[in-house]
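Notes follow once the structure below has been shown.
The values are calculated or read from the model by the stated rules, or taken from the named source; none is laboratory data. Not measured: the values here are computed from a predicted model. Cβ sites come from the backbone with ideal geometry, for glycine too, and all protein chains shown count toward neighbours.
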Amino acid sequence: MNLLAFDWALLIEKLVLIAIIITISLVVAMYATYGERKVAAWMQDRVGPNRAGPFGILQPLADGMKLFFKEEIIPNSSNKFLFILGPCLAMLTAMMTSAIIPWGSELRIGDRVISLQIADINIGILYVFGVVSMGVYGIMIGGWASNNKFSLMAALRGASQVISYELAMGISLIALLMLTGSLSLKTITEQQMAPGHYWNVLYQPLGFLIFFVCALAECNRAPFDLSEAESELNMGYHQEYSSMKLGFFLFSEYINMFISSVIMATLFFGGYDIPFIDESKYNPNLMAWLGVGALMVKALIFIFVFMWIRWTLPRFRYDQLMNLGWKALIPLALINMVITAVVILKYFN
Amino acid sequence: MGILQFLFWLLSAVALTGAIMVLASKNPVHSVLWLIVVFFAISGHYVLLNAQFLAVVNLIVYAGAIMVLFLFVIMLMNLNTVIETRKNLWMKAAGIISGGILFLIMISVVRSSADMVSRTAQLKEGSIGLIETLGKVLFTQYVVPFEISSVLFLSAMVGAVVIGKKD
């Protein structure tokens, strides 16, 4: 019976890993909505959600239930298939990036070594860019298929914003890649863990700053949430959506936020590295779990910063957004790249 | 049938279905989306050949950038209403015949080329498509064409800015 001679054990291992990672991303995103409301309330001196369960901890469940039971409305003049495809694509592209993130080192169960990463591919970061550039389609298709001029305008805004900021993001990463010499996220993490080597943020502070601003823009988060500027565009690209399709759009934003936090932690803040501890001296299984915990803590800190910025800064005007992207961030990233190249050529060669 | 063969047939089927649907669907937006499916399938083939860099660049450049611009244009030109362009039968027949002949020529070239005869594709091995090899080749053996093409890109960018600028 070698009709389907797959390596079933590997396939099942990876499937289980994928299921676990997607579940975790969903749960984190779910509680990020709760966290966002609590953070907002805290900053505005309010209480925030506190009715469902102790401290309102069941609020995300209640919100999800509400969205599921809402009436499903598909506008008559819309393109039905694309109207449904839009939120699905938004969700799919938000999830796909998690495949190449090293969530931890290795687990040893018996004599089987399980890597806590779905795929350690040679071109890790480029894959992230590929998926991010796909992320435009969810917004664009959703906005266009609604057949509503506000949605279309918001979708075009969102798409051009994502395309513009992708450039600065890529250039800021090139400087980092010159240092690491590898595109694989696993290698980048391991380099930062090596003794005598510090986290990349110390070598690339400007690069990190540019990357962070661009990540805010790529996630369509405030102050760059131009595609859902309610004062100009009613509700933005999801104007015509209702029920869980709306939920998917909103939810994918939180998943994107979580994933980009994890990527920033991995690239610039050592990934699953626990600061000031040499992991190789302790029990590897224990350290693997603690490493996952460390990565999660770093990611949660980033998510908090995202929220902090949202509830502190007002929204940009559209021309300001484009000026910042093209006239400030791209030149800065280029300067950063040239300086890094010169330093590497002069001192580390 | 190992997993590689299975994936090969699956990706081929997806690519061919997508390509046919690009031509067959009446709504231009659907055509663009099917074309993106084709690009995904082709990238999958690149991955099978261990050309990971080519695979992902194909996705970033074609599916991620060029197709987005196509979508922009189609959405703004409002081609939503299906326009039935009626071509006469002779035109259709001529198109089918000339396309078919081109197809035959390509098949015969591939089948009889000295580089191809009695060779099989190397799946999952070889480093020719990896970013390191590619970078080294580009900056040593092909450095002059590479730099010239970058000048070409720059002039295209300047041209685009000039055209896009009002008055």
Picked from region B:16-54 (must be under 16 Å from residue A:124 (Cα atoms), free of Cβ contacts under 8 Å to residues at least 60 places away in the same chain and of a type outside the set (S, T, N, Q)), the residue nearest to the other protein chains (Cβ to nearest Cβ) is B:47
The one condition residue A:45 fails out of (1) of a type outside the set (A, V, I, L, M, F, W, C); (2) at negative phi; (3) more than 14 Å from chain B (Cβ to nearest Cβ) is (2)
Only one of (1) touching a residue at least 24 places away in the same chain (Cβ under 8 Å); (2) surrounded by 15 or more Cβ atoms within 10 Å (Cβ to Cβ); (3) in a loop (DSSP other than H, G, I, E, B) does not apply to residue A:274, and that is (1)
Residue A:171 meets each of (1) over 17 Å from residue B:75 (Cα atoms); (2) modelled with pLDDT under 85; (3) away from every other protein chain (no Cβ under 11 Å) with one exception, condition (2)
- acidic (Asp, Glu) and closer than 20 Å to residue A:222 by Cβ - does that describe any residue in region A:274-281? no
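Okay, residues lined up against (1) outside any loop (DSSP other than H, G, I, E, B); (2) acidic (Asp, Glu):
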residue: A:51; (1), (2): no, no
residue: A:55; (1), (2): yes, no
residue: A:71; (1), (2): no, yes
residue: A:104; (1), (2): no, no
residue: A:114; (1), (2): yes, no
residue: A:127; (1), (2): yes, no
residue: A:132; (1), (2): yes, no
residue: A:137; (1), (2): yes, no
residue: A:140; (1), (2): yes, no
Going through region A:120-154 in order, the residues found to be surrounded by 24 or more Cβ atoms within 10 Å (Cβ to Cβ), more than 8 Å from every other protein chain (Cβ to nearest Cβ) and more than 17 Å from the chain's Cα centre (by Cα) are A:142, A:143, A:145, A:146, A:151, A:154
Quiz item: Being free of Cβ contacts under 8 Å to residues at least 40 places away in the same chain and under 30 Å from residue A:148 (Cα atoms), is that true of even one residue in region A:285-297?
Solution: no
Just to be sure before I move on: is residue A:207 buried (at least 22 other Cβ atoms within 10 Å of the Cβ) and either within 11 Å of chain B (Cβ to nearest Cβ) or in contact with a Lys or Arg (Cβ under 9 Å, 6 or more places away or on another chain) (or both) in the structure I sent?
no
Based on this model, can you work out whether residue A:85 counts as in contact (Cβ under 8 Å) with a residue 60 or more places away in the chain, part of a helix (DSSP H, G or I), touching a Gly at 6+ places or on another chain (Cβ under 7 Å) and aliphatic (A, V, I, L, M)? no
For this session: Inspect region A:46-68 for any residue being free of Cβ contacts under 8 Å to residues at least 24 places away in the same chain and under 30 Å from residue B:5 (Cβ atoms) and give the result as yes or no.
Result: no
